[in-house]
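Colleague: Submitted below is the structure of interest, expressed as structure tokens.
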Amino acid sequence: MTRYDKDPRTGGNAVEVRGLVKHYGATKALDGVDLDVREGTVLGVLGPNGAGKTTLVRVLSTLLQPDSGTASVAGYNVLTQPRQLRRVIGLTGQYASVDEKLSGWENLYMIGRLLDLSRKDARLRSDELLERFSLTDAAKKPAMTYSGGMRRRLDLAASMIGNPSVLFLDEPTTGLDPRTRNEVWDEVQRMVAEGATVLITTQYMEEAEQLANELTVFDKGKVIANGKVNELKAKVGGRTLSIQPSDPAELPAMARALSEAGLDGIAGSQAVPDEGVLNVPILSDEQLTAVVGLLAARGFGISHIGTHLPSLDEVFLAITGQKPTDAQDETTDQVQEAAV
């Protein structure tokens, strides 16, 4: 399978979503979602459990029909052109879906043939992906004998065997060890370098920062924030100024000096004795200059100074009010499973 020819209607977007709505009884899993994924990029979709991430993936992969709104993938409408759309996408859901009676190699070969790969190409691609995901030694064994991590890797390989133009990954590395997670990341980056587009849902902040060109944050079926990683970080609390005194013993005095000075807009500086630094939240370059100027005027020596943006975990907490791994209302996910 080759990459799709760009449809001029997509305007450079591999995925376009407008006003998407999906109900499960009284629960509104998607509530007027608008979303674009540019061709050849990775969009990371974040959100607490029950936020609507999996529902979005299932609609875009034609497993669910929306109640209203429009969505297109690779130029194909999810409602009116589902068969064409399925031929250019790959999907890895939250749970492995391989045939347990077939061997790992047979699973991949079968899917390759269903995607119209030639016998030769299906064999070569199966061998290639088994090697990439460290499954070569188990290639001829039934999938039912695989560990949970091995099944997950096989499922990921199955979603990639047809060289899809658009790949949907719904929390693909949950439960994987660090080495296998890195293998998945490498393969995703390789596919994007070759022209694929990826939409990945995840609750691993490291994964989002490692892979995503842009992020979209979901909560209660709505998009509540989007942008590049640094853009989102800048929206939710500015920067932290870290100051290391020349004499570590002066750290408490530096903290008191800032507290007593009452500089405009600056509060909550924190001394970290173990690291020998004073962390000061700042919102502007003017505040940075004021802090450094005050400490210099008071005669404090500074050996190092630097700034950093908040972590992506802090961004997630600020935007959604929850930590990434906090469970919210899982009713939506449970109803989804029943519906599919």
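Colleague: I want to make sure I understand the PRE zone here: with the label point 7 angstrom from the Cα of D137 toward its beta carbon, which residues in the range 160-199 have backbone N atoms less than 20 Å away?
Modeller: Under 20 Å, as judged by backbone N against the label point of D137, lie 176-184 of the range 160-199.
Colleague: Just to verify a number: what accessible area does K53 come out at with the full protein assembly present, 1.4 Å probe, Å² rounded to tens?
Modeller: Counting only protein heavy atoms, K53 exposes about 10 Å² to solvent.
Colleague: Then there's this: In the range 1-160, if every C-alpha pair distance is counted and binned at 5 Å from zero, what percent goes to each bin?
Modeller: The calculated distribution, bin by bin, is 2, 8, 16, 17, 16, 15, 13, 9, 4, 0, 0.
Colleague: If you take the beta carbon distance between Q270 and A193 as r and set R0 to 35 Å, what does 1/(1 + (r/R0)^6) give as a FRET efficiency, to the nearest 0.05? Working shown, then result.
Modeller: Details: r = 41 Å, r/R0 = 1.18.
Rounded to the nearest 0.05, the efficiency is 0.25.
Colleague: Using modelled backbone amide H atoms (1.01 Å from N, in-plane), which distant-in-sequence or interchain residues come within less than 5 Å of V223's amide H?
Modeller: It is D34, by chain and number.
Colleague: In nm, to one decimal, how far is the modelled label at R83 from the one at N213, with both set 7 Å along Cα→Cβ?
Modeller: Taking the two extended label points, one gets 3.2 nm.
Colleague: If you don't mind, there's one more thing I want to ask. Can you send over the solvent-accessible area of Y24, 1.4 Å probe, protein chains only, in Å² to the nearest 10?
Modeller: 20 Å²
Colleague: Ok, one more. What pairs in K53/K233; K22/K222; K22/K233; K28/K53; K28/K220; K28/K228 have C-alpha atoms more than 19 Å from each other?
Modeller: Violating the 19 Å limit, Cα to Cα: K53/K233; K22/K233; K28/K228.
The values are calculated or read from the model by the stated rules, or taken from the named source; none is laboratory data. On a predicted model such as this, the values are computed, not experimentally measured, just so you know. So basically every Cβ, Gly included, is an ideal-geometry build from the backbone, and we count neighbours across all protein chains shown. SASA here: full protein model, heavy atoms, side chains in, ligands and nucleic acids out. Shrake-Rupley method; radii C 1.70, N 1.55, O 1.52, S 1.80 Å.
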